[in-house]
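The values are calculated or read from the model by the stated rules, or taken from the named source; none is laboratory data. Just so it is clear, the model here is predicted, and its values are computed rather than measured. Cβ placement follows ideal geometry from the backbone for every residue including glycine, while neighbour counts extend to all protein chains displayed.
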Amino acid sequence: MFEQPKEGGEVQETIVGADVNLTGDLKSDGNITVRGKINGQVITKSDVVIDQGAEIEGTVEANNVTIDGIVKGNVVAKEDLELNTSGKIFGDINAKGLIVKKGAIFVGNSNTSESKELEPEKKEKNK
Amino acid sequence: MYYYILEQPQSKNLESLQNKIITQIEDKQIMGEAVKSNPVQKPEELAEIGLSKGYNTIVGIGTDSLINKIAPLVSKKGAVLGIVPTEENSSFFEVIGCRNWQEACDILPKRKTSCIDLGVLGKSNIFLTYIKLRPRKGTKPTLAKAIFNTYEAEAPILEILVANSVLDLEKRSWKRKGFFDNQISIHFKTDSGKIKQGFFDKIFHKDNSFYSSVFHAEQAQLGGLEQTLDVVASDNQFICNTPVAVGILPKALKIIVSYK
């Protein structure tokens, strides 16, 4: 027999598909994956992944933020902000930890409390 | 006593299974009255008859379609719904917490209940699992729009699925965690495999799910921007046309479950 499902036990993920044009403020408690275009704020208590090809014109606020697409607006991450090779941010960032990969574009001011080393695996090999 | 509603058997196998289920129920001494739907009496009409006779537990023995048809009436009367799925891959096994029809029969005598949400279409059209919105004309994606409380989403779709809870996008099966979430899930589905998947999509491993979307909300308004969409039930029965409002009725139906 199964265990009883817990009320609100699993926070649901919101996915904005590649074909979607979304206007307004997307607020959620769960993870958000963006593959389409959003004109407005993206706010969640969980994590946000902005895939390659996605474009957000507005503020992004989340626990962890991973960016492979484009954000034209401020980004606030309670924990880590990861800006990958294809990622672009045109706005200010505020994050506890910041990881910027080679090739990424960031135009704005940054405010971070921790800075993480890039590609620690390679450093280990050099020792 | 319980009121059992069965489907008119379309095959000897189903008739044999129905007989086995009834025998198991008789062995448990929880037999009340058993009725079978037929071309003259639909399952929902039989549920109405059972409820008017004063039965406060209606048990649906059959397909997901049968359960979906009788659930709204049971909810309206505040009665309890027992579920014995006859399809091996029924989405209701997850909901009641059983693996097969034998276990579904086993949990009936204890009558342990749990309240679940129901979806509502318009003002009074209730659904238990999901409804679908499809373009009326053609087989190509058409532009559709969903309006939520704080945002609007537009996309070309082949189908919009409005599910009461978390549905697995590909398998269309229930995920029990998060079942009581007071939200409906709205899935925009586009068959990109036929219309969009090009060279670059393949390189970047973009499959159908790349173009699919999932939104969660307490309520939404849905419609087609280029054409009217048909709203159909889980068994493809036509309900109405768009534009439509969808929402949730929290904890509106008591069902018999196995949960510890």
*Members of region A:16-36 that are at the interface with another protein chain (Cβ under 7 Å from one of its Cβ atoms), part of a strand (DSSP E or B) and buried (at least 23 other Cβ atoms within 10 Å of the Cβ)*: A:16, A:22, A:26
*Would a scan of region B:213-223 turn up a residue that is more than 9 Å from every other protein chain (Cβ to nearest Cβ), in contact with a Lys or Arg (Cβ under 8 Å, 6 or more places away or on another chain), surrounded by fewer than 16 Cβ atoms within 10 Å (Cβ to Cβ) and modelled with pLDDT of 90 or more?*
no
*Scan region B:112-144 for residues that are assigned to a strand (DSSP E or B) and within 15 Å of residue B:228 (Cβ to Cβ) and jot them down.*
B:132, B:133, B:134, B:135, B:142, B:143, B:144
*Test each condition in (1) in contact with a helix residue (DSSP H, G or I) (Cβ under 6 Å, 6 or more places away or on another chain); (2) within 13 Å of chain A (Cβ to nearest Cβ); (3) at pLDDT 85 or above for residue B:174 and report the one that comes out false.*
(3)
*May I ask you to list the residues in region B:45-82 that are surrounded by fewer than 17 Cβ atoms within 10 Å (Cβ to Cβ) and of a type in the set (A, V, I, L, M)?*
B:49
*asked:* If a residue must be at negative phi and exposed (fewer than 14 other Cβ atoms within 10 Å of the Cβ), how many such residues does region B:21-30 contain?
replied: 4
*If only one of A:82, A:10, A:61, A:57 is at pLDDT below 95 and either in contact with a helix residue (DSSP H, G or I) (Cβ under 6 Å, 6 or more places away or on another chain) or not aliphatic (A, V, I, L, M) (or both), which one is it?*
A:10
*Can you tell me which residue among B:52, B:124, B:65, B:75 is under 13 Å from the mean Cα position of the chain (by Cα) and among the small types (Gly, Ala, Ser)?*
B:65
*Can you name every residue in region B:103-130 that is more than 18 Å from residue B:74 (Cβ to Cβ) and in contact with a helix residue (DSSP H, G or I) (Cβ under 7 Å, 6 or more places away or on another chain)?*
B:105
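Only one of A:96, A:78, A:102, A:72 is more than 14 Å from every other protein chain (Cβ to nearest Cβ), out of contact with any strand residue (DSSP E or B) (no Cβ under 8 Å at 6 or more places or on another chain) and surrounded by fewer than 20 Cβ atoms within 10 Å (Cβ to Cβ); which?
Answer to the check: A:102.
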*Determine, yes or no, whether residue B:158 is surrounded by 14 or more Cβ atoms within 10 Å (Cβ to Cβ), out of contact with any Phe, Trp or Tyr (no Cβ under 7 Å at 6 or more places or on another chain) and modelled with pLDDT of 85 or more.*
yes
